[in-house]
Every structure is written in C-alpha cells, then in structure tokens.
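Notes to accompany the following structure.
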Amino acid sequence: MVVHRIELCIAMVRMAIEFVMSVAETVVTVQERNTEPLGSLHRTSWVRQRVKKSMRLTYQKEKRRMTRG
C-alpha cells in the first residue's frame with residue numbers, strides 16, 4: 001500500500017515536470033510566433049490548444065506506463 005502511494009507520487013511529479021517542460025517549450029514557440037502578425041485572441045487560443053494537447057499526451061503516456069508496471 002505504501003509502495004503504491006510512493007509510485008503514484010513519483011508518477012505525479014513526473015507528469016508535473018513534463019507539463020512544465022511542455023509549457024516552457026510552448027512559451028518559446030509563442031515568442032517566436034510573436035514576430036508574425038497574429039491577433040492576441042488567436043495567439044491565446046493557440047497556446048491553450050498546445051497546453052491541452054500536451055497535458056492529454058502526458059496523461060496518456062503516464063497511464064500506459066502505470067498499467068505496464
């Protein structure tokens with residue numbers, strides 16, 4: 001029981017780290033795109049989509065890892 005909770009904690013920390021890294025990558029990409037003539041509303045929507053996609057992929061990856069182990 002304790003081991004399972006520790007594994008779950010580690011998995012959540014991994015997910016958080018991957019999320020922060022993906023957000024950082026998105027910020028860099030957005031900064032690069034800021035040179036393009038896009039409206040701020042379009043840019044905000046794009047960032048939200050990237051963050052949602054990144055979170056979904058990270059969750060799916062971690063879920064697969066947990067079911068294998």
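The values are calculated or read from the model by the stated rules, or taken from the named source; none is laboratory data. If you're wondering where the values come from, they're calculated on a predicted model, not measured in any experiment. So basically every Cβ, Gly included, is an ideal-geometry build from the backbone, and we count neighbours across all protein chains shown.
Quick notes
- Test: residue in the stretch 16-30 that is of a type in the set (D, E, K, R), at pLDDT below 75 and in a helix (DSSP H, G or I): no
- Residue within the stretch 31-43 that is modelled with pLDDT of 80 or more and not polar (S, T, N, Q) present: no
- Test for Leu57: is it of a type in the set (A, V, I, L, M), surrounded by 12 or more Cβ atoms within 10 Å (Cβ to Cβ) and modelled with pLDDT of 80 or more: yes
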